[in-house]
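I have placed the structure first, in the form of structure tokens, so that the comments after it can refer back to it.
We did not get these values from a lab; they are worked out from the coordinates using the rules stated. Computed from a prediction, not measured in an experiment: that's the story for all the values here. Here Cβ is always computed from backbone atoms with ideal geometry, including for glycine, and neighbour counts include all displayed protein chains.
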Amino acid sequence: MPAATRSFKYLDALTTAFVVILLVSNLVAQKVCLLGPLRLGGFSLGPFAVSGAVLLFPVTYIFGDVFTEVYGFAASRRAIWLGFFGTALLYVMGAVVISLPAAPGWQNQQAFATVFGFIPRILAASLIAFWAGEFANSYTMARLKLFTNGRRLWTRTIGSTVVGQAVDTVLVIVLTFGGIYPVRTLLKLLLRAIL
């Protein structure tokens, strides 16, 4: 089997899993969950109120690291674009189906609209933040690989994830709530989300 075929053996399956996790994260993001309290040694943290996406979305950054590390930056960019367009299609189709009249006797229009009725501003903020965060993660991973001469995988993985998550979090909060809340409130939201 040629080396090129062997090295991309699982790329399609991993890309599909990445897109599915991203789409499910977007669907469950609207629920606010209560986590905790977390007990670490003698300390107790929490409870924390977090979006349902927090349970799954960070896994997309691990996928981004795998794409960049194993398959290269080009494969990572491809997966990110597929995730971006998949998410955009989810949002568009959600809006289209919500706008269509419900069949007589179907009583779940409001519940359906609640789950799929993304607010346009949140939709735009989410897409931009995802795109920028994933590319920041992938770019940082690639640059750190060069900087460390391919060593210190955990440093590269953690460092790139921190950068990607920070970019994503800052953008989604600023683009969603900027102009609605005062700067001081935005800063508090950012600090709470990042820390």
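With respect to the chain, whose longest principal axis is taken over its alpha-carbon atoms, helix 11-28 is tilted by about 30°.
As a footprinting exposure proxy, order L100, L14 by other Cβ within 10 Å, with the fewest listed first.
Listing L100, L14 from fewest to most nearby Cβ atoms yields L100, L14.
Ranked for footprinting exposure by Cβ neighbours inside 10 Å, fewest first, E134, E69 give E69, E134.
Take every pair of alpha-carbon atoms less than 8 Å apart whose residues are at least six positions apart; their mean separation over the length of the chain yields a relative contact order of 19 percent. Under 20 Å from a point 7 Å along the Cα-to-Cβ line of N108: which residues of the range 14-34 have their amide N that close? 23-32, by backbone N distance to the label point. Based on the reciprocal of the average 1/r between different C-alpha atoms, the Kirkwood radius for the range 111-195 equals 14.3 Å. For the chain, the longest principal axis of the Cα atoms and the long axis of helix 153-177 meet at an angle of about 30 degrees. In terms of surrounding Cβ atoms within a 10 Å radius of their Cβ, I62, I180, I80 rank from fewest to most as I180, I62, I80. Mean-square fluctuations from a GNM of the chain, with a 10 angstrom spring cutoff on Cα atoms, peak among W131, W81, W154 at W154. If the segment from L187 to V92 were pulled out straight at 0.36 nm per residue, it would be longer than the present Cα-Cα gap by 31.1 nm. Once both labels are positioned 7 Å from their Cα atoms along Cα-to-Cβ, the gap between L146 and L23 label points is 3.5 nm. Helix 120-147 and the longest principal axis of the Cα set of the chain meet at an angle near 10°.
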